[in-house]
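Asks: Below is a structure I'd like to ask you about.
The values are calculated or read from the model by the stated rules, or taken from the named source; none is laboratory data. Quantities reported herein were computed from a predicted structural model and do not represent experimental measurements. When we count neighbours, we look across all protein chains shown, and the Cβ atoms used for this are built from the backbone with ideal geometry, even at glycine. The area values use the complete protein model at the heavy-atom level, side chains included, leaving out ligands, DNA and RNA. Shrake-Rupley method; radii C 1.70, N 1.55, O 1.52, S 1.80 Å.
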Amino acid sequence: MAERTFSIIKPDAVAKHGIGAVLARIEAGGLKVVAGRVTQLSRAQAEAFYAVHKERPFYSDLCDFMTSGPVFVSVLEGENAIKRYREVLGATNPAEAAAGTVRADFGTDVEKNAAHGSDGPDTAREEISFFFPGADLT
Ligand code: ADP
Ligand code: MG
C-alpha cells in the first residue's frame, strides 16, 4: 500500500552539505519526495515536535541541537514508506546502525544522527500536518 512518511534531514547532515546525499539514499530506497523545503526550527517547534521525549534527560540538548541550524523537512511516499524509510535510516545510534544506512554514514552520535523518520501512521500524519499544514498531502 502506498503510504506517506515525514523526514527531517537534521542540522548535522545539512551542515555537512548532506541534503543531496540523503535524498539520493531516499530515492534509491524506492521512496518519492512529494514535498520538501529548508527551514530552521524555532525552540517552540522543536519542543513540540519532540514533546513525547520531554521527560527524557536528553530532551533539552536535543532541542538545542535541532534548532542549531537549518534542516530539510520533507514528505516521502511509497510502498510501506514508514517502515522502509526507517530501514534506510538505520538504528537511532549511528554506532549500531547497519552499514550503508543514512545514520551509519552521516550520523555523528546518538543525538546527532543525521535524519528523522516517523515511527508509525499516526505520527506520520501528525508530523506531516505540523510542517505542511494545508498541503493536499494527508
Ligand atoms: P528515533 O529518531 O530513531 O525514532 P527516538 O524517537 O528514540 O529515536 O529519539 C528521538 C531522537 O532523540 C533521536 O533521533 C536522537 O536525535 C535523540 N536521542 C535518542 N536517544 C538519545 C540519547 N540516549 N541521547 C541523546 N539523544 C538521543
Ligand atoms: Mg522516534
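Asks: Go through the range 48-119 and name the GluC sites (Glu not before Pro) that are in a DSSP coil and have 14 or fewer other Cβ atoms within 10 Å of their Cβ.
Replies: Filter output for the range 48-119: E55.
Asks: How high is the relative contact order of the chain, in percent, counting Cα pairs under 8 Å that sit 6 or more residues apart?
Replies: After rounding, I find 36 percent.
Asks: Skip the ligands, DNA and RNA, and give the accessible area per residue of the chain with a 1.4 Å probe, whole Å².
Replies: Dividing the accessible area of the chain by its residue count gives 50 Å².
Asks: Okay, next question. Heavy atoms only, 1.4 Å probe, whole protein assembly: order K112, K54, K10 by accessible area, highest first.
Replies: Ranking K112, K54, K10 by accessible area, largest first, yields K54, K112, K10.
Asks: In a Gaussian network model over the chain where Cα atoms closer than 10 Å are linked, find which of V75, V110, V102 has the largest mean-square fluctuation.
Replies: Checking each option, the largest mean-square fluctuation is seen for V110.
Asks: Which value, in Å² and to the nearest 10, is the accessible area of D64 when all protein chains are kept and the probe is 1.4 Å?
Replies: 70 Å²
Asks: Cα gyration tensor of the range 12-138, axes a ≥ b ≥ c as square roots of the eigenvalues: rounded (a/c below 1.5), prolate (a/b > b/c) or oblate?
Replies: Because its axes are fairly even, with a/c under 1.5, the range 12-138 counts as rounded.
Asks: Rounded to the nearest 10 Å², what accessible area does K83 have for a 1.4 Å probe in the complete protein model?
Replies: Using a 1.4 Å probe on the heavy atoms, I get roughly 130 Å².
Asks: While we're here: Just how large is the dipole of the chain about the Cα centre, in debye to the nearest 20, putting +1 at every Lys and Arg Cβ and -1 at every Asp and Glu Cβ?
Replies: Roughly 220 debye for the chain.
Asks: Let me ask something else about it. Considering only protein heavy atoms and a 1.4 Å probe, what is the carbon-and-sulfur percentage of the accessible area of the chain?
Replies: Reported share for carbon and sulfur atoms: 52 percent.
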